[in-house]
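Since every read-out is calculated from the coordinates, none of them should be taken as a lab result. As the structure is a prediction and not an experimental result, all values here were calculated from the model. Don't worry about glycine lacking a Cβ; one is built from the backbone with ideal geometry, like all the others, and counts go over all protein chains shown.
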Amino acid sequence: QKEVEQNSGPLSVPEGAIASLNCTYSDRGSQSFFWYRQYSGKSPELIMSIYSNGDKEDGRFTAQLNKASQYVSLLIRDSQPSDSATYLCAVSNTGKLIFGQGTTLQVKP
Amino acid sequence: DTAVSQTPKYLVTQMGNDKSIKCEQNLGHDTMYWYKQDSKKFLKIMFSYNNKELIINETVPNRFSPKSPDKAHLNLHINSLELGDSAVYFCASSHPGGRDATGELFFGEGSRLTVL
């Protein structure tokens, strides 16, 4: 079993829709969770971090964490073509960051 | 001013050769990393240094040797290159403070290595 799992996609949504990206992790003791965005040919950049169960909102982005289910998600409201990228879920574990394989999001105008 | 810079951005070389990638950060961070991203976009940690001291050394072949001359620099030397070493290598650094500095990474632009 992979430590951090994501559906590789692509996930295709129309412009203005809500994009929902999901991630599960295997280590129940994990405490810190992150979402990175990576545009094609570019480096990953941190967009959200979440540490407690529940929702955390930042602009059009909402991260959701459910430690009992070992599940993290990222919602993008009012999706824009500029949101088209690969979204990497990452979990901090014993001092190192473990990444999922990423979900490619395509937002169609 | 680039925060985390890597050179070179592209390397194309033959199997068996040796190559180096250099990384520098001007963010004042104490911790630096090397990550490898394969063709399937899977990003995996290789090494981590904190203030010049090696703190994470994943199961990486010993052909890969990192070196940190000071906390702002982390280099990666690869001996006897193999086809499977072809990937994008990212350098990153993390903030000394924050709730979980290990998760809040600033990445360089990446160095794409192609081994023929």
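For the stretch A:28-59, the tally of residues that are touching a strand residue (DSSP E or B) at 6+ places or on another chain (Cβ under 6 Å) and not acidic (Asp, Glu) stands at 19.
A quick yes/no check of all residues on (1) hydroxyl-bearing (Ser, Thr, Tyr); (2) under 15 Å from the mean Cα position of the chain (by Cα); (3) farther than 12 Å from B:Trp34 by Cβ:
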{"position": "B:Pro61", "(1), (2), (3)": "no, yes, yes"}
{"position": "B:Pro66", "(1), (2), (3)": "no, yes, no"}
{"position": "B:Ile78", "(1), (2), (3)": "no, yes, no"}
{"position": "B:Tyr89", "(1), (2), (3)": "yes, yes, no"}
{"position": "B:Ser111", "(1), (2), (3)": "yes, yes, no"}
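Being in contact (Cβ under 8 Å) with a residue 12 or more places away in the chain and within 14 Å of another protein chain (Cβ to nearest Cβ): is that true of B:Gly103 here? No.
Restricted to the stretch A:28-67, and to residues that are away from chain B (no Cβ under 14 Å), in contact (Cβ under 8 Å) with a residue 12 or more places away in the chain and in a loop (DSSP other than H, G, I, E, B), which residue is surrounded by the most Cβ atoms within 10 Å (Cβ to Cβ)? Only one residue fits best here, namely A:Lys67.
In the set B:Thr31, B:Thr59, only one residue is more than 12 Å from chain A (Cβ to nearest Cβ) and either polar (S, T, N, Q) or touching a residue at least 24 places away in the same chain (Cβ under 8 Å) (or both); that residue is B:Thr59. So, in the stretch B:62-95, exactly how many residues are under 23 Å from A:Arg37 (Cα atoms) and more than 14 Å from chain A (Cβ to nearest Cβ)? So the answer is 1. Counting the residues of the stretch B:34-56 that are within 14 Å of chain A (Cβ to nearest Cβ), more than 14 Å from the chain's Cα centre (by Cα) and farther than 26 Å from A:Lys2 by Cα gives 1. Applying a threshold of 9 Å to beta carbon distances and a minimum spacing of six or more residues, or different chains, the list of pairs starting in the stretch B:1-23 at a residue that is outside any loop (DSSP other than H, G, I, E, B) and ending at one that is surrounded by fewer than 11 Cβ atoms within 10 Å (Cβ to Cβ) reads B:Val12/B:Leu116; B:Thr13/B:Leu116.
So if I check each of A:Val72, A:Val107, which one is more than 14 Å from the chain's Cα centre (by Cα) and either buried (at least 20 other Cβ atoms within 10 Å of the Cβ) or at negative phi (or both)? Every option except A:Val107 fails the conditions.
Residues that are surrounded by fewer than 22 Cβ atoms within 10 Å (Cβ to Cβ) and farther than 20 Å from B:Leu11 by Cα within the stretch B:30-41 comprise just one, B:Asp30. Listed by position, the strands (runs of 3 or more DSSP E) inside the stretch B:54-116 whose residues that are loosely packed, with under 14 Cβ neighbours inside 10 Å number at least 2 are B:64-70. Looking across the stretch A:92-102, the residues that are within 8 Å of chain B (Cβ to nearest Cβ) and either at negative phi or in contact with a helix residue (DSSP H, G or I) (Cβ under 6 Å, 6 or more places away or on another chain) (or both) come down to A:Ser92, A:Gly95, A:Lys96, A:Leu97, A:Ile98, A:Phe99, A:Gln101.
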